[in-house]
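Step one of this worksheet: look at the structure below.
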Amino acid sequence: MNNLILFDDENWSSFLPLTFTRPIGELRIGIDTIREKWEYALAGKASYITKDHLTKKYPITIKSENILINGSVLPTRKLELLIKDLKVNEAILMHDQLIAAKIDDKQFIKMQETNELDSFKGIELGDSAEDVIMQLTSPTQLFSKNDFVLRKDFERITAGRKSEPLPSSNQLIGSPDQIFIEKGATVEACIFNTKTGPIYIGHDVLIMEGAMIRGPFAALDHTVVKMGAKVYGATSLGPYCKIGGEVNNVVMYACSNKAHDGYLGNAAIGEWCNLGADTNASNLKNNYDEVKLWSYATESFVSTGLQFCGLIMGDHSKTGINTMLNTGTVIGVSTNVFGDGFPRNFIPSFAWGGPAGYTTYKIEKALETCERVYARRGMTLTKEDADILTYIYHDSKKYRTWEKHSSGKTS
């Protein structure tokens, strides 16, 4: 088994707030994570070079021979072949950016000490890079490229396998070979349309009566789609999620809920999030202009190049019932948003409040809530996760501008 090491480069900050709590390689797009795609493509086991506060949860494994891969790059057939042909201490570069390398343990230690790549024999892709490399550079690409990636993942995951039968109570529009149901899934009296893309239903997924789903769509293990839900592709739901209402082109990570009525479109939602009943997130400006989005990398609002862009939400964040969110809203980690009217479209981590103003969500109370939420699913908040959240709490203080004017009021 190949030893893979996915490394975070300067792109890590471009994916905040989603990467506050994970390396880039743990981002989900399509059906599985970037790490899982590489482990399949190169028959390996992956670990990480990532930010210091994440290393205890995501430690690195170094062996006598290692394949180093940029965590923001997705596998393509051409890139996989180039990596497999690499000799030890050879690298693949794109405009002097390291994409992948094969290195031994001695070279790895040297590289860590000097942070230099001079001793690598480089394969510079140059103008041919577009034919070889598919690289993610922003959180909006998690949903804007989800259609393409989900279709490729569906082909890979279902190749040579037989789906569980679709019960006769359901209505299928399109080809039956474009819907795949894993064992343990419960699917009754629903409408599926595979003319628009494939549909993947994972182990022990529950899709309740009256749900209407247009592909491409993926629901991972133990996810629940509630009665009458209206789901448009390309939508990907991680394990143990729950959705209802109207959802369009959303990537949702594990253990997050949008269980009630309300609209969510063109969005990326982290783990352990909850959107309260009738939360609505705009994804289109009234003047149909291009959407600007807060960027942690530049600490400013930047153009996305998209007309449709909804919500980017970090882990452990929540909205109250009837919350209204502006087009292109970015919400940090462990934030609670509620109240009448539209809140600002950048809300930092550990904020508590809404249009009427914010206070700071104390880390002690935030961790207590996490413990209760985890316990509901029979899980325990680990010290590693608690330490990560504590780090984010202190690191994000500079964005909580109200603390400068209110002596750090907390909730």
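Assorted remarks:
- If you check ILE103, ILE67, ILE123, ILE62 for being assigned to a loop (DSSP other than H, G, I, E, B), farther than 29 Å from ALA234 by Cα and not charged (D, E, K, R), only one passes: ILE62.
- Count of residues meeting criterion [small (Gly, Ala, Ser), crowded, with 18+ Cβ neighbours inside 10 Å and either modelled with pLDDT under 95 or out of contact with any strand residue (DSSP E or B) (no Cβ under 8 Å at 6 or more places or on another chain) (or both)] in the stretch 63-99: 1
Residue-wise test of (1) more than 24 Å from LYS383 (Cα to Cα); (2) under 18 Å from the mean Cα position of the chain (by Cα).
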residue: LEU6; (1), (2): no, yes
residue: PRO17; (1), (2): no, yes
residue: GLY25; (1), (2): no, yes
residue: GLU39; (1), (2): yes, yes
residue: ALA43; (1), (2): yes, no
residue: HIS53; (1), (2): no, no
residue: LYS63; (1), (2): yes, no
residue: ILE67; (1), (2): yes, no
residue: VAL73; (1), (2): yes, yes
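- Looking only at the stretch 198-217, residues that are closer than 15 Å to SER236 by Cα and either crowded, with 22+ Cβ neighbours inside 10 Å or not assigned by TED's automatic domain parsing to the domain that holds MET252 (or both) come to 12 in all.
- Hey, LYS51 in contact (Cβ under 8 Å) with a residue 40 or more places away in the chain, farther than 26 Å from SER295 by Cβ and surrounded by fewer than 22 Cβ atoms within 10 Å (Cβ to Cβ) or not: no
- Filtered by the rule that a residue be without any contact (Cβ under 8 Å) to a residue 60 or more places away in the chain and of a type in the set (D, E, K, R), the stretch 24-39 gives GLU26, ARG35, GLU36, GLU39.
- Hey, THR323 in contact with an Asp or Glu (Cβ under 9 Å, 6 or more places away or on another chain) and outside the structural domain of GLU26 (by TED's automatic domain parsing) or not: yes
- Selection within the stretch 108-128 - over 10 Å from LEU68 (Cβ atoms) and at pLDDT 75 or above: ILE109, LYS110, GLY122, ILE123, GLU124, LEU125
The values are calculated or read from the model by the stated rules, or taken from the named source; none is laboratory data. Quick caveat, the model's predicted, so the values are computed rather than measured. Ideal geometry is used to build each Cβ from the backbone, glycine not excepted, and the neighbour counts take in all protein chains shown.
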